[in-house]
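Engineer: Sharing a structure with you now.
The values are calculated or read from the model by the stated rules, or taken from the named source; none is laboratory data. Computed from a predicted model, the values in this text were never measured in an experiment. Heads up, the Cβs are rebuilt from the backbone with ideal geometry, glycines too, and the neighbour counts pull from every protein chain shown. To get the accessible areas, we keep the full protein, side chains included, count just its heavy atoms, and leave off ligands, DNA and RNA. Shrake-Rupley method; radii C 1.70, N 1.55, O 1.52, S 1.80 Å.
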Amino acid sequence: MHKTSAAPLSVVYAGLIVYASLYPFADWRDQGILPWAFLSAPFPKYWTGFDVAVNVAGYVPLGFLLALTASRTGRAPYAVGLATLVGVVLSLGMESLQGYLPVRVPSNVDLGLNGLGAWIGAALAWAMEKLGVIAHWSRFRSRWFVADARGALVLLALWPLALLFPAAVPFGLGQVLERLEAALVAALADTPFLEWLPVRDIELQPLVPGMELVCVALGVLIPCLLGFFVIPSVGRRAWFAFMLFVAGMGVTALSAALSFGPEHAWAWFSLPVKLGLIGAGTLACVMLWLPRRAVLALVLLALGIYLSLLNQSPASPYFEQTLSDWEQGRFIRFHGLAQWLGWLWPYAALVYLLILVGDAAPKKLESAT
C-alpha cells in the first residue's frame, strides 16, 4: 500500500463534476416526477458528436484516478469494477438531481456515456499498472521529489487546469474580491446585516502595466517555487522550471484561443506579460540553489503580495463579456471545472503551505528542547 496523489485528485475532480453537472444551482423545482424516471424514458432523438465526446471524456479522468487509488491502496483486483461503479453512481446522482433544474435535462444516454468514460479511464489505469508505467512513475517520483510531496504534486497538477479559465490578468488566479463582494451584497439584501459590510471610498482601479508585470511574474513564480520546495536537486529544479513555463504559456494560449478564437491565441502576450515572464525566469534561476526553508518563506511572501495586488483591481467589461461566453452554450460544460480552480488554487496553495509551517513549528521546538 502506498500514499498516492490520485486519491485527493479524485476527490477534487468528483467535486468539479458535481459543480459542472448542477450549475447554475438556481430555480430548483419539483415537477412531480420521480428523480429516476429518466432511466426508462425513450432515447433522445437529437444528439451531437460533441455531446457524446464530452460525456465520455468528462468521466475518463475520474475513472483513471479512482482505479489508480484502488490499485495503490491494496484493492488492485477490484480497481476497474470499483472505479466504474463509483462513476456510474455519481452520474446517476447528478442526472437525478438535474430533473429539478430547469436548464438541465436528465438523460439515460448521458448516464451510459458517463459510465463508459469511467470504465475507459479505469481500464487505462489498469493497463498502465500491468505494463509497469505506474511503477516507472513511482520510481521517477522517488528520484525527483521528497517523500512527502503529495500535496504539492496535487496543486502542481491542477495549476495548468486552473489557467484554462480566462483571467483578467494572464496567470492571475484567485481574483475573487469583486465577485465575493457582489455575492455578499445580494445575499444580505433587504436585511439589516447589509449595513455591516464595509464600503470602499474609492472604486477598484485597473492595474497599471508595472503592477500587471509584477502579477504575471508572481503568477508563474509561485508554482515554480512550490515545485522547488519538493525538488531537492538543482538540476531537476531547472528542468522543472522550464517545463512549467512551457506548460503555463501553452495553456494560457489555449484558453485565449477558446475564448476569442484561434487567431487571437497570443493576444495576451503583451509587453508587460513578456517582461513579467522574463523577470520570473530570472528570479527562478537565482533561486535554484535556495534551501527548502527559504523557498517556503519566499512562496508564502509571494502569495500574499500576489493576491493583494490582484484583488485590488476589477475585471474589465470586455473580460466580463468573455466570461458570459464561457457561461453559455458549449462552454457551460467546462465552466465549473475551470472557474473554481482559477478562483481557489492560490488559496489552496496558501492553506497547504501554512499547514506545513504549522507542522514544522512543533518539530523544531521539540528538537530545540
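Engineer: Tally the residues that are aliphatic (A, V, I, L, M) and under 21 Å from Val60 (Cα atoms), restricting the search to the range 91-111. Talk me through it step by step, then tell me what you get.
Structural biologist: Let us first name the residues in the range 91-111 that are aliphatic (A, V, I, L, M), namely 92, 94, 97, 101, 103, 105, 109, 111.
Subset that is under 21 Å from Val60 (Cα atoms): 92, 94, 109, 111.
Qualifying residue count, the range 91-111: 4.
Engineer: Answer yes if at least one residue in the range 281-298 is among the charged types (D, E, K, R) and either open to solvent by less than 80 Å² (accessible area, probe 1.4 Å) or within 22 Å of Phe229 (Cβ to Cβ) (or both), and no otherwise.
Structural biologist: Kept after step one, since they are among the charged types (D, E, K, R), are these residues of the range 281-298: 292-293.
Then drop every residue that is not either open to solvent by less than 80 Å² (accessible area, probe 1.4 Å) or within 22 Å of Phe229 (Cβ to Cβ) (or both), which leaves 292-293.
For the range 281-298, residues among the charged types (D, E, K, R) and either open to solvent by less than 80 Å² (accessible area, probe 1.4 Å) or within 22 Å of Phe229 (Cβ to Cβ) (or both): present.
Engineer: Are any residues in the range 156-177 assigned to a helix (DSSP H, G or I) and over 22 Å from Ser270 (Cβ atoms), and if so, which ones? Break it down stepwise before answering.
Structural biologist: Of the residues in the range 156-177, the ones assigned to a helix (DSSP H, G or I) are 156-162, 177.
Once the filter is applied, which keeps residues that are assigned to a helix (DSSP H, G or I) and over 22 Å from Ser270 (Cβ atoms), the range 156-177 yields Leu156, Ala157, Leu158, Leu161, Leu177.
Engineer: Looking only at the range 133-173, which residues are within 18 Å of Leu66 (Cα to Cα), surrounded by fewer than 17 Cβ atoms within 10 Å (Cβ to Cβ) and modelled with pLDDT under 85?
Structural biologist: Val133, Ala135, Trp137, Ser138
Engineer: Under 8 Å by Cβ, and 6 or more places apart or on different chains, what pairs join a residue from the range 159-186 that is more than 15 Å from Ala217 (Cα to Cα) and in contact (Cβ under 8 Å) with a residue 60 or more places away in the chain with one that is open to solvent by 60 Å² or more (accessible area, probe 1.4 Å) and assigned to a loop (DSSP other than H, G, I, E, B)?
Structural biologist: Leu177/Gln312
Engineer: Restricting the range 1-48 to residues that are open to solvent by 50 Å² or more (accessible area, probe 1.4 Å), farther than 16 Å from Gly87 by Cβ and assigned to a helix (DSSP H, G or I), which is modelled with the highest pLDDT?
Structural biologist: My answer is Leu39.
Engineer: Looking only at the range 252-280, which residues are free of Cβ contacts under 8 Å to residues at least 60 places away in the same chain, surrounded by 17 or more Cβ atoms within 10 Å (Cβ to Cβ) and assigned to a helix (DSSP H, G or I)?
Structural biologist: Once the filter is applied, which keeps residues that are free of Cβ contacts under 8 Å to residues at least 60 places away in the same chain, surrounded by 17 or more Cβ atoms within 10 Å (Cβ to Cβ) and assigned to a helix (DSSP H, G or I), the range 252-280 yields only Ala253.
Engineer: Here is a list: Leu111, Leu85. Which entry is free of Cβ contacts under 8 Å to residues at least 40 places away in the same chain and assigned to a helix (DSSP H, G or I)?
Structural biologist: On the way: Leu111 fails: free of Cβ contacts under 8 Å to residues at least 40 places away in the same chain.
One residue alone meets the criteria, Leu85.
Engineer: Cβ-Cβ distance below 6 Å, separation of 6 or more or different chains: which pairs start in the range 28-44 with a residue that is within 17 Å of Gly112 (Cα to Cα) and end on one that is modelled with pLDDT of 75 or more and part of a loop (DSSP other than H, G, I, E, B)?
Structural biologist: Every condition considered, the pairs that remain are Pro35/Gly99; Phe38/Pro106.
Engineer: Cβ-Cβ under 7 Å, sequence separation 6+ or interchain: first residue in the range 345-369 and of a type in the set (Lys, Arg) and part of a helix (DSSP H, G or I), partner at pLDDT 55 or above and exposed (fewer than 12 other Cβ atoms within 10 Å of the Cβ). Which pairs?
Structural biologist: none
Engineer: Hey, Leu180 hits all of (1) open to solvent by less than 30 Å² (accessible area, probe 1.4 Å); (2) aliphatic (A, V, I, L, M); (3) over 14 Å from the mean Cα position of the chain (by Cα) but one; which does it fall short on?
Structural biologist: That leaves (1) as the condition not met.
Engineer: Just the residues that are more than 17 Å from Val154 (Cα to Cα) and either without any contact (Cβ under 8 Å) to a residue 24 or more places away in the chain or buried (at least 22 other Cβ atoms within 10 Å of the Cβ) (or both), please, taken from the range 226-240.
Structural biologist: Within the range 226-240, Gly235, Arg237, Trp239 meet the criteria.
Engineer: A follow-up question, please. Against the conditions (1) open to solvent by 50 Å² or more (accessible area, probe 1.4 Å); (2) over 19 Å from Ala7 (Cα atoms); (3) without any contact (Cβ under 8 Å) to a residue 12 or more places away in the chain, where does Arg75 fall short? Just the number, please.
Structural biologist: (2)
Engineer: Name the one entry in Val105, Val185 that is under 25 Å from Ala37 (Cβ atoms), open to solvent by 40 Å² or more (accessible area, probe 1.4 Å) and among the hydrophobic types (A, V, I, L, M, F, W, C).
Structural biologist: Result of the check over Val105, Val185: Val105.
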